[in-house]
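Written below as structure tokens is the structure these notes are about.
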Amino acid sequence: MSRRQTRGEYIETESGNRISRKAVILGSQHILLGGRSTILPECVVRGDLHRPSSASSTGAAAASVNIGRYSFLEKGVVIKPPFKFYKGSLVYYPLKMGNFVSIGANSIIEAATIGSYVNIGSNCVVGKFAIIKDCVLVLDGTVIPSTACIPPFAVVAGNPAIVVDELPESSAEVFERRARQIHALHGATLTSMTIAEVKQSVFDDDVDEEFDLMHDFTVNS
């Protein structure tokens, strides 16, 4: 993760990722950020928990945590690769997140795979080697058991998690638009950008009614 410039509390990489100086990032050489993703204060990302690889391994093959584009990790999120014992040894396996993923405050993630267009609420637990497919909404306080597989377009809740509803086919577009807006709004809180400039940085111009997110975001941050 190469550094481009600093904006007070945040470090911004060349690909537009924003990482709080108050986040705990361990083993950064084993963490891949796809671009324009945000990691808020008190988050913990454990790239140091990785399977030993040969010196020739590079890129995604060597990454223990792979976070896609426009992902947003709220305060207190913990991301750590899953592990299991193999032939008497503790072995860690990669954790991969897709694009446009939002994870709420104080959630703990040990999944094998999280697809794209996924919104995980606050105080959730995603157990070891769980798989979350594309277009999933995980409600606050949900506990997804280890090795569980959440199907696409599911709304899940409870402990253990069960499917309580399903999302419409338009969910991917909605999640993507929201992720882009949140990234832009977060940038506005770090700079002197006006709302008009924020709107210009979002691909969809028809967002006037959704810009009450500015109020929600500044209150919750």
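The values are calculated or read from the model by the stated rules, or taken from the named source; none is laboratory data. The structure displayed is predicted, hence computed values, not measured ones. All Cβ positions, glycine included, derive from the backbone under ideal geometry; neighbour counts span all protein chains shown. We work out accessible area using only protein heavy atoms, side chains counted, and drop any ligands, DNA or RNA first. Shrake-Rupley method; radii C 1.70, N 1.55, O 1.52, S 1.80 Å.
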* Kindly list, by first and then second residue, each pair from a residue in the stretch 123-135 that is of a type in the set (Asp, Glu) to a residue that is open to solvent by less than 50 Å² (accessible area, probe 1.4 Å), limited to pairs with Cβ atoms under 8 Å and residues at least 6 apart or on different chains. => ASP134/GLY98; ASP134/GLY115; ASP134/SER116; ASP134/VAL118; ASP134/ALA172
* From the residues in the stretch 157-177 that are in contact with a helix residue (DSSP H, G or I) (Cβ under 9 Å, 6 or more places away or on another chain) and assigned to a loop (DSSP other than H, G, I, E, B), which one is surrounded by the fewest Cβ atoms within 10 Å (Cβ to Cβ)? -> PRO168
* ALA112 vs. criteria under 21 Å from GLY47 (Cβ atoms) and either out of contact with any Leu (no Cβ under 9 Å at 6 or more places or on another chain) or in contact (Cβ under 8 Å) with a residue 24 or more places away in the chain (or both) -> yes
* Asked: Mind checking which residues of the stretch 133-156 are open to solvent by 50 Å² or more (accessible area, probe 1.4 Å) and part of a loop (DSSP other than H, G, I, E, B)?
  -> LYS133, ASP134, LEU139, ASP140, PRO145, SER146, THR147, PRO151, PRO152, PHE153
* To do: Confirm whether THR142 is within 23 Å of LEU40 (Cα to Cα) and out of contact with any Leu (no Cβ under 6 Å at 6 or more places or on another chain).
  => yes
* Asked: Among the residues of the stretch 84-104 satisfying the criterion of being more than 21 Å from ALA62 (Cα to Cα) and over 11 Å from the mean Cα position of the chain (by Cα), which is most open to solvent (accessible area, probe 1.4 Å)?
  -> LYS87
* Asked: LYS75 passes all but one of (1) outside any strand (DSSP E or B); (2) within 14 Å of LEU32 (Cβ to Cβ); (3) open to solvent by 50 Å² or more (accessible area, probe 1.4 Å); which number fails?
  -> (2)
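Please pick out the residue among ALA63, ALA130, ALA111, ALA55 that is at pLDDT below 95, out of contact with any Gly (no Cβ under 7 Å at 6 or more places or on another chain) and surrounded by 18 or more Cβ atoms within 10 Å (Cβ to Cβ).
On the way: ALA130 fails: at pLDDT below 95; ALA111 fails: at pLDDT below 95; ALA55 fails: surrounded by 18 or more Cβ atoms within 10 Å (Cβ to Cβ).
Within the list ALA63, ALA130, ALA111, ALA55, the selection yields ALA63.
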* Hey, does the stretch 181-200 have a residue that's of a type outside the set (Ser, Thr, Tyr), under 21 Å from the mean Cα position of the chain (by Cα) and either at pLDDT 95 or above or open to solvent by 70 Å² or more (accessible area, probe 1.4 Å) (or both)? -> no
